[in-house]
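Novice: Here's a structure for you.
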Amino acid sequence: MKKISNNIFLMMLIFGTLVTISSNSWLGAWMGLEINLLSFIPLMNDNKKNLLTSESSLKYFLTQAFASSILLFAIIMLMFFYNNNMNLYNSFNELLILSTLLLKSGAAPFHFWFPEVMEGLSWTNGLILMTWQKIAPLMLISYNFIYKFFMITIILSMLIGSLGGLNQTSIRKLMAFSSINHLGWMLLAMMNNEMLWMIYFLLYSLLSFSIVLMFNNFKLFYFNQIFNMSMMNPIVKLFIFLNLLSLGGLPPFLGFLPKWLVIQNLVTMNQLFILTISVCLTLITLYFYLRLSYSIFMLNYQKNSWLLKNNFNNKLSFTSLIFNFISISGLVMMSMIYVVM
C-alpha cells in the first residue's frame, strides 16, 4: 500500500513540474509549484524511524510555503499594476519574483535551508531534491532575468558552495554545497544561452545519479564510514572517488564538459571577469574532493587478514557500472566521436 501511495505522489511530483514549465501565466506556474511541493512532502516522510526526516520535511515545507506566499503576493501585485497601466513597481516586482524562485531552488544567498534539509533525507529523496526539484524554479528564473542581481547570486552561490564544503564530515551536506556551486554555474550558463543551462543541468543530473546510486548501494552517509571500510573492494573505492572528481569538474572526466561549454561561451561573450572568479572558486570544490580522495588512497591503513568473507556487499550493480563508465570516460568518447566525424 505504501509503495502504491509513493508512486502516486511521485507521478504528482512530475505532473506539478510539467504544469509549471508548460504554463503560459504566472498563476498557473505558481499552481504547478504548489502541486510539486505538496507531492514531495509525503515522499520525504517515507522513513518514520528517522527523526531527522520529519525535521527536514518541516523545514522544507516552511521555507517553500514562505517562498510561495511571497511569489503569489508578487504575482497579484504584478497583475494589479499591469491591469491599471501602472509601471511604478515593475522592477521591484521582478526582483521579488526572482528572489522567491532563487529561494525555491536553493541558490545563495537563499541557500540556508538546503544543506539542513539534505542532511535528514534518504539518498533517493536527496537526489530528487538536487535534480528534479530545481527544474521548475530554474525554468521560471530564465523568464525573469535581472543582470546585476544575477551576478551577485552567481558569485555568492559559487563562493558558499565552495567554502561550505571544506569543513564537512557528512557526505549529504557535501553534496548539498556541491549542488549550490553547480547552481551558480547553471545561472551563469543561463545569462547568455537558453540551451546551455539545460545541457549543464542534464549532465549534472547524470553525474549526481551515478554517484548517489553508489552511496545508496553501500549506505554511505559520512566520511568515516569510507575510511573504516577496510574490507571494501579497492575498485569500488576507486569508482566512488573518480565519480567525485568528475562531479568536481576535473578533466578528462564527463563533469568537465558542461564547465568547458560555459567557459567557451563566456570567452566568446568577452566576460572574462566573472569567468576568472568562477574558475577560481570551483578549484576550491575540486580541492576538497581531491583531499578526500588522497586521504583514502595515499595513506596506509590496517587491514585484517582474516574474516575475508563478510556480509558487506562489495559488488556494483550493472546500472551503477554503466553510469560509472559514462561519468568517467564520457568526455573522451565524445571527443573521439567528434574527431572521427
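The values are calculated or read from the model by the stated rules, or taken from the named source; none is laboratory data. Just so we're clear, the structure is a prediction, and the values are computed from it rather than from any experiment. All Cβ positions, even for glycine, are placed from backbone atoms using ideal geometry, and neighbour counts span all protein chains on display. SASA here: full protein model, heavy atoms, side chains in, ligands and nucleic acids out. Shrake-Rupley method; radii C 1.70, N 1.55, O 1.52, S 1.80 Å.
Novice: Given the options LEU244, LEU203, name the one that is under 18 Å from LEU331 (Cα atoms), open to solvent by less than 40 Å² (accessible area, probe 1.4 Å), under 14 Å from the mean Cα position of the chain (by Cα) and modelled with pLDDT under 90.
Specialist: The unique qualifying residue is LEU244.
Novice: Looking only at residues in the stretch 42-98 that are at pLDDT below 85 and among the hydroxyl-bearing types (Ser, Thr, Tyr), which one is surrounded by the fewest Cβ atoms within 10 Å (Cβ to Cβ)?
Specialist: SER91
Novice: Is there any pair with a first residue in the stretch 168-195 that is more than 22 Å from ILE226 (Cβ to Cβ) and a second that is open to solvent by 10 Å² or more (accessible area, probe 1.4 Å) and hydroxyl-bearing (Ser, Thr, Tyr) whose Cβ atoms are under 7 Å apart and which are 6 or more apart or on different chains, and what are they?
Specialist: Note: pairs meeting the criteria are MET190/SER142; GLU194/SER142.
Novice: Could you check the stretch 1-32 and list, in sequence order, the residues that are under 16 Å from LEU140 (Cα atoms) and open to solvent by less than 10 Å² (accessible area, probe 1.4 Å)?
Specialist: The answer is GLY16, THR17, THR20, ALA29, GLY32.
Novice: Of a type in the set (A, V, I, L, M, F, W, C), open to solvent by less than 10 Å² (accessible area, probe 1.4 Å) and in contact (Cβ under 8 Å) with a residue 24 or more places away in the chain: is that true of MET158 in this structure?
Specialist: yes
Novice: Something else about it: Mind counting the residues in the stretch 211-234 that are assigned to a helix (DSSP H, G or I) and either in contact (Cβ under 8 Å) with a residue 40 or more places away in the chain or crowded, with 16+ Cβ neighbours inside 10 Å (or both)?
Specialist: 11
Novice: Say whether the condition of being under 13 Å from the mean Cα position of the chain (by Cα) and either at pLDDT 90 or above or not hydroxyl-bearing (Ser, Thr, Tyr) (or both) is met by at least one residue in the stretch 213-221.
Specialist: Within the stretch 213-221 (the criterion being under 13 Å from the mean Cα position of the chain (by Cα) and either at pLDDT 90 or above or not hydroxyl-bearing (Ser, Thr, Tyr) (or both)), the answer is no, since none of the residues qualifies.
Novice: Here are some residues: ILE135, ILE155. Which one is over 15 Å from the mean Cα position of the chain (by Cα) and assigned to a helix (DSSP H, G or I)?
Specialist: Going through ILE135, ILE155 in turn, the sole match is ILE155.
Novice: Among the residues of the stretch 284-301 satisfying the criterion of being open to solvent by 100 Å² or more (accessible area, probe 1.4 Å) and assigned to a helix (DSSP H, G or I), which is modelled with the highest pLDDT?
Specialist: TYR287
Novice: For the stretch 269-282, which positions are in contact (Cβ under 8 Å) with a residue 24 or more places away in the chain and either closer than 22 Å to LEU206 by Cβ or open to solvent by 10 Å² or more (accessible area, probe 1.4 Å) (or both)?
Specialist: Passing the criteria: MET269, GLN271, ILE277, SER278, LEU281, THR282.
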